[in-house]
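The values are calculated or read from the model by the stated rules, or taken from the named source; none is laboratory data. These numbers come from a predicted model, not from an experiment. Note that each Cβ is placed from the backbone with ideal geometry, even for glycine, and that neighbours are counted across all protein chains shown.
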Amino acid sequence: MTVPTPDAPFGFDPQGRPYSDKSKIVAGLLQIFLGGLGIGRFYVGSVGVGVAQLLTCGGLGIWSLIDGILFLTSNDRTDKQGRVLRG
C-alpha cells in the first residue's frame, strides 16, 4: 500500500487508483433502503442517475435493489471524481 498524499488522502487501491472519501458500504445500504429516492446515487455524486431513480421510484424498487447489491459487492465503483469507493 502506498502512502496517502494530499491528492489522495485515503491512499490508493492495489491498481494505483486513489480511494474516495465515500464508502461503498454506506452507498450500498443507502441504495438498498432509500434507493427509491436515489439517495445512494446522490451520496456518491451521480446526480443524474439519482434523479432518474427518484422519478421512477428506483425502477419500482428493482433497479435500486440491484444497484445497492452491486455497490456492496463490486470493487470498482467510483464517485463523481472517478475515485474508487472505500470498503
**OP:** Please state which one of Gly16, Gly58, Gly28 is under 20 Å from Val84 (Cα atoms), in a helix (DSSP H, G or I) and touching a residue at least 12 places away in the same chain (Cβ under 8 Å).
**Re:** Gly28
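Yes/no per residue for (1) modelled with pLDDT of 90 or more; (2) on the phi > 0 side of the Ramachandran plot:
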site: Asp21; (1), (2): no, no
site: Ile25; (1), (2): yes, no
site: Cys57; (1), (2): yes, yes
site: Gly82; (1), (2): no, yes
Original post:
If you take the residues in the stretch 31-55 that are of a type in the set (S, T, N, Q) and in a helix (DSSP H, G or I), which one is farthest from Leu85 (Cα to Cα)?
Top reply: Gln53
Original post:
Which ones in the stretch 61-75 are farther than 14 Å from Leu34 by Cβ and either of a type in the set (S, T, N, Q) or in contact (Cβ under 8 Å) with a residue 60 or more places away in the chain (or both)?
Top reply: Thr73, Ser74, Asn75
Original post:
From the set of residues in the stretch 29-64 that are surrounded by fewer than 16 Cβ atoms within 10 Å (Cβ to Cβ) and among the hydrophobic types (A, V, I, L, M, F, W, C), which is nearest to Asp13 (Cα to Cα)?
Top reply: Val47
